[in-house]
Every structure is written in structure tokens, then in C-alpha cells.
Amino acid sequence: YKEYTIIGCNRLLLGKYIGNLLNVLIIVSMMIVMGLEVRQFAEVLASGLLPNTPIEFSIIIMIFLCTLAGFRNVSTFAYIHFFYLPFLLIPMVFLLFSIKDLETYHLLPVFGHELSLFQFMKGAFLMMAAITNYFVVAMLIPYIKDHENCVKNGIWGLFLGGLAILFCIVMTLGVFGVQELELLYWPVLSLSRIIQIPGEVLSRIDAIILITWIFAVFTTLFSHYFVAVRGTAEIFRTDKFNLISTIMVPFIYVIALI
């Protein structure tokens, strides 16, 4: 079904009514996830770069930024992600400077103390949810030129995303330890505040990581918004993407404030 998006596949395989019901659930879930993520973004921004700025202002600005990015041209969506990719790799480089503060005993034993299989799999599924954006990929399938390597490229994306998260977990856990890590609300941000680069070339690493993190948040929110807007347009068989994205703004804003 390489000529169909996930919206079209659901209608084709499950029928018009059941398929559209599932499509609505997908769109609503994307809006909810976007609302929760933009709220977290505003809270982190308030704790670091903009402590005196109301989180409501940061929320509405980011939502409007995603709205103005445009949804008509799929290639624009792809180019935006491709452009910001190098900026997303910058924090990984800076986190390497914290290796000198890493204590290996914080990482042992690898599977924890008396960790059950259920607890292990529960944590694994939570991490999988952070990197498996199948809905985004499923909306892009009809526009992909190289369908032969679509699955392979998706697996590579999953692997690299998981590797990035594993790297952040190992660094924060190795530096802070389990007990201190449980008290930290934003572990990577806290880790960036104690990083010292030789020669003191940069004194505020946390500010740089926060700025690059804004790029990561934007691309993530834009991806969820893309699925919601394009999916809604496909359900109603319309190309009024700007109207749909504008109508969704107050709903996402309310979700973020709840």
C-alpha cells in the first residue's frame, strides 16, 4: 500500500466507519501529545532561559510557529528536519565533556537490584514510545521515492534515536547516580550546568544545550502537528491545511494548560 498514508490504509482495510474512527483517535492522540510536549517545553524554558516569562506565552508562540511552518508541501516538512539535524547533534558533543565526572559504579549492576522482567519491559516500552514516530513515517510513505529501503531506513532511524537516548541515560546516571537522579526534574539540563570545557572557552553550556533543544522540540511538535493536520485534511478530503491548523490551535493550547 505504498500509495496510501496511514489514514488511507485504515479506511481501505477497516472500512469507512471503523477506519475513520481509528483515524480520529490517531489525530486526537497527536494533538494530546503535542499539548503535553509544548507544556514541558515551556516549563523547561521558564527554568532556564526565560524565568520571568509566563509559560502561557511560550506555549502559544511555539504553537503558532508550528502553524506558520506550512503543511501543503511535504518536501518543506522534510527539508526543515534535514536543516535542523546538525543542531540536534551539538548537545551530544558537549555531554562528552562530562565523562571525567562519570562514576562506573553508578551504572552497576546493569540490570539493577532484583529487577523483575516486568519492570524491565515496562521501562523499555516507555523508552520505545519516545523514539517510535511510526505515525509520522506512515504519513510520508506515499511521498517517499525509495520505497525499497523504506523499512531499512526506518529501522536505522529507530536505532540512532535509541542510541541517542541511551547515551543521555548513561551519562546522567553515571554522573548523578540513581538516588540523586530521582530528585532531578530535568537530568540532562542539570548535567549541562556542571560541564566544564578546558580553557573555559564556554561558561554557559546549559544555555547552548537549551537553544539546541528548542530546535529538537520544534521539529518534534511540527511532526505531530503534521500528522494531525494532514490526517484531518485527508479524512475530510480537503486541501485547506492552513484553516485546519488554525482551528486546532486553541484545542492544543487548552490541552497544554490542563
How much length is gained on full extension from L115 to L183, taking 0.36 nm per residue of separation minus their Cα-Cα distance?
-> 22.4 nm
Just how many % of Cα pairs in the chain lie over 31 Å apart, if you round to the nearest whole percent?
-> 34 percent
Relative to the first principal axis of the alpha-carbon coordinates of the chain, what is the inclination of helix 16-47, with its axis defined by its Cα atoms, in degrees from 0 to 90 and to the nearest 10?
-> 30 degrees
Give, in nm to one decimal, the length gained when the segment between L25 and F97 is fully stretched (0.36 nm per residue of separation minus the Cα-Cα distance).
-> 21.6 nm
Excluding G177 itself, calculate the net charge of residues whose Cβ lies under 12 Å from the Cβ of G177, where each Lys or Arg counts +1 and each Asp or Glu counts -1.
-> -4
Within the stretch 155-258, report the trypsin sites (Lys or Arg not before Pro) that DSSP leaves as loop and that have at most 16 other Cβ atoms within 10 Å.
-> R193, R204, R237, K240
Hey, got a sec? Which GluC sites (Glu not before Pro) in the stretch 1-47 land in a DSSP loop and have at most 10 other Cβ atoms within 10 Å?
-> E3
Karplus-derived 3J(HN,Hα) from phi for the stretch 67-84 (6.51 cos²θ - 1.76 cosθ + 1.60, θ = phi - 60°), whole Hz, x at Gly and Pro, runs 5, 6, 5, x, 10, 6, 9, 5, 5, 5, 4, 5, 5, 4, 5, 5, 5, 7
In degrees, nearest ten, helix 117-131 long axis to first principal axis of the chain (Cα) = 60 degrees
Residue (of L13, N133, F83) at the positive-pole extreme of the stretch 6-257, dipole from beta-carbon charges | L13
Starting with the fewest neighbours, write out Y4, Y134, Y225 ranked by other beta-carbon atoms found within 10 Å of each beta-carbon.
-> Y134, Y4, Y225
Reach of K145 by Cα under 19 Å, taken over lysines that are not fewer than 8 positions away in the same chain | K2
DSSP loop (so not H, G, I, E, B), at most 10 other Cβ within 10 Å: list which GluC sites (Glu not before Pro) in the stretch 82-154 pass both filters.
-> E114
Per-residue HN-Hα couplings for the stretch 242-251, Karplus 6.51 cos²θ - 1.76 cosθ + 1.60 at θ = phi - 60°, whole Hz, x for Gly and Pro?
-> 5, 5, 5, 5, 5, 5, 6, 3, x, 5
Before rounding to the nearest 500, sum -39500 (n - 2.57) across all DSSP H runs of length at least 4 in the chain and divide by the residue total; then give [θ] at 222 nm in deg cm²/dmol.
-> -24500 deg cm²/dmol
Answer in debye to the nearest 20: the dipole magnitude of the stretch 1-142 about its Cα centre, from +1 Lys/Arg and -1 Asp/Glu charges placed on Cβ, is 580 debye
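Readers should treat all values here as calculations from the given coordinates under stated rules, not as data from a laboratory. Please read all numbers here as calculations on a predicted model, not as lab measurements. Virtual Cβ from ideal backbone geometry, glycine too; neighbours counted across all protein chains shown.
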